[in-house]
Amino acid sequence: MTPSLTLQWIEAGQEKNQTIQGMEANKNPGTLRIGRDRTRCDLVLSDLTVSGLHIEIFFNDRIQLFYIRNLRDTNPPLINGKILHQGEIVLNSGTQIQLGQVEIKVIQVSITPSGIPPTILLPPQTNKPLGRLTTGPTEYGLKCPKCLHISNYSQLNIGCSWCGTSLAAAISVILPPP
C-alpha cells in the first residue's frame, strides 16, 4: 500500500478533500506543490491570499514520514499556529496548515510499515573538534538532502549550515581524513 495523506479545506463555501498518494506523477516529482499558479502547482487554490507557489509536501521513504516545506520568503505558512520560515516540519493527522486566509487540515496520514526497522539517529560522541563523529579511524558527516553539502553531526538538531534544511533525512557519509 502506498503512503497517503488526506487534506481538507473550505473553498468558495464548499468543503474540499484531497488524498495524496505516491507523488511520482506530479509536476515536481517526489513532491506535491500547493499554491495559486496552475503551471507550477499540483493542488491549486483560488484564494488571492495564497501565493502562486506556496508550499510543498513530500514523503521521506527512509524514515516513513510526510513533511511540509515553505517555498516563500514572504507570506510564510503557519503550521499549528507557528510560522514556518525555512526547513521542514513533519505532518501528522490533525496538523493545521494556514496559507494566507486558507486553513487546511491534515485529516489522515496512512503509512504502511515496510517491515524494515527505522533508522534511529543517536547523539554522536565527539572526539575531535568541529563535532565530527568518530568510530575508530573512520569519521562521518551528514549530507544535506536539499543542497548536498556535508555538515557535522553537531548540526543534527540545528539543520544544514548552508541552506537551513532539516538534517533528519540526511545521509551519513564517510569524511576524508583531516
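The values are calculated or read from the model by the stated rules, or taken from the named source; none is laboratory data. Please read these numbers as outputs of a predicted model, since none were measured by experiment. Glycine gets a Cβ as well: all are built from the backbone with ideal geometry, and neighbour counts include every protein chain shown. The area values use the complete protein model at the heavy-atom level, side chains included, leaving out ligands, DNA and RNA. Shrake-Rupley method; radii C 1.70, N 1.55, O 1.52, S 1.80 Å.
Annotation note: Cβ proximity below 6 Å between a residue of the stretch 28-52 that is more than 18 Å from LEU78 (Cα to Cα) and a residue that is buried (at least 18 other Cβ atoms within 10 Å of the Cβ) and basic (Lys, Arg) (sequence gap 6+ or interchain) occurs for CYS41/ARG33; ASP42/ARG33.
Among the residues that make up the stretch 63-75, is at least one of them more than 24 Å from GLN101 (Cβ to Cβ) and not in a strand (DSSP E or B)? Yes: one or more hits. For the stretch 27-50, the tally of residues that are open to solvent by 20 Å² or more (accessible area, probe 1.4 Å), within 24 Å of ILE10 (Cβ to Cβ) and within 16 Å of the chain's Cα centre (by Cα) stands at 1. Is it the case that some residue within the stretch 51-60 is among the hydroxyl-bearing types (Ser, Thr, Tyr) and either within 15 Å of GLY30 (Cβ to Cβ) or open to solvent by 20 Å² or more (accessible area, probe 1.4 Å) (or both)? No, the stretch 51-60 contains no residue that is among the hydroxyl-bearing types (Ser, Thr, Tyr) and either within 15 Å of GLY30 (Cβ to Cβ) or open to solvent by 20 Å² or more (accessible area, probe 1.4 Å) (or both).
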